[in-house]
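Inspection log for the structure reproduced underneath, given as structure tokens.
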Amino acid sequence: MRTLNDRVAVITGAASGIGEALARQLHVEGARLALVDVHAERLQAVADDLPGVSVHVLSVADRDAMSALVDEVVATHGGVNLVINNAGVTVNRPWDETTLDDWDFVLGVNLWGVIHGCHFFLPELMKADEGHIVNVSSIFGIVGSPTQVAYCASKYGVRGLSEVLWEELDHTHVGVTVVHPGGVATRIVADGRQSAALDVDRLMRRFARQGISPDQAARQILRAVRKGHRRCVITKEAVLMDWVKRIAPETANRLVAKALVRALGMEEAQQKRLQQYAASRR
């Protein structure tokens, strides 16, 4: 996109983290904003600092609500130029602890939310003089990792959807950027569903200490939008793993798996699971 000034941007997951940072930066650049989130109080707190934005409290997993959102945004702002499908949730549990309800929870927001955003808003983007879609995947849309089975499946899905849209929209005025962040200090872990073995406080401290800020991530995403980049890989570890995955796919997964088990503080639980498995095979 040539400019973000006076463009209408829809941001899901705008109440905190990367979505909030994007809202604040786009507001400074003169964009007209429609902020979307399921957390009403948090969303309003962000909107109170950004005069002129519209607030839309809904779950991106709700098909009817997302369909109605398009009409609300167009009625309020006159059109749409930029859709940022950022809303995300996580479940930090191994495969055998992940319930079907967990799968519905994660896929509903992370994958169906992106599908809804693309499906319902793309016709309006095609009407605009220029348009862009940003779909936020993850480093876990590039490499697989234990305890992230539903999350990885959803983020690989976002990646696949986005790469198909690259080709199908290639000869139109609508661009698509898929974002693969590594460690960013957001609320996603605190707001997620956790294994009983997970040391949440330890993980949150690690994110705060080693992760980049949402503001840094937002700047890189908007730079990618301006330059029309199809991929935006954020953080040094994500860039490294992206390259290792290309060169040695199995090794990359193994490295990430070991690192994440340590980061989650689940070494003891992992060892116990291995011992139980070994005992069951005797």
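The values are calculated or read from the model by the stated rules, or taken from the named source; none is laboratory data. Bear in mind that the values here come from a model prediction, so they are computed numbers and not experimental data. Neighbour counts run over all protein chains shown; Cβ positions are idealised from the backbone, glycine included. All accessible areas refer to the heavy atoms of the entire protein, side chains included, with ligands and DNA or RNA removed. Shrake-Rupley method; radii C 1.70, N 1.55, O 1.52, S 1.80 Å.
Overview of values
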| quantity | calculated |
| --- | --- |
| From the C-alpha gyration tensor of region 56-171, square roots of 5λ in Å | 28, 17, 9 |
| Fully extended contour minus Cα-Cα distance, from residue 41 to residue 71, at 0.36 nm per residue | 8.5 nm |
| The chain: relative contact order in percent, alpha carbon pairs under 8 Å with at least 6 residues between | 18 |
| Förster radius 30 Å - calculated FRET efficiency between residue 240 and residue 96 (Cβ-Cβ, nearest 0.05) | 0.50 |
| Alpha-carbon spread of the chain, three principal axes, descending order, Å | 67, 41, 34 |
| Average accessible surface area per residue within the chain, 1.4 Å rolling probe, Å² | 47 |
| Largest-first ordering by accessible area, 1.4 Å probe, given options 127, 155 | 127, 155 |
| Protection-proxy order for peptides 81-89, 93-101, each taking the mean of Cβ atoms within 10 Å per residue, highest first | 81-89, 93-101 |
| Percent RCO, i.e. relative contact order, over region 61-187, from Cα pairs under 8 Å lying at least 6 residues apart | 30 |
| Sulfur and carbon atoms: percent of accessible area, the chain [1.4 Å] | 53 |
| Cα-based reach from residue 227 at 25 Å (exclusive), listing lysines while leaving out same-chain residues under 8 positions away | 127, 155, 236 |
| Estimated [θ] at 222 nm from DSSP helical runs (n ≥ 4, -39500 (n - 2.57)) normalised by residues in the chain, nearest 500 | -16500 deg cm²/dmol |
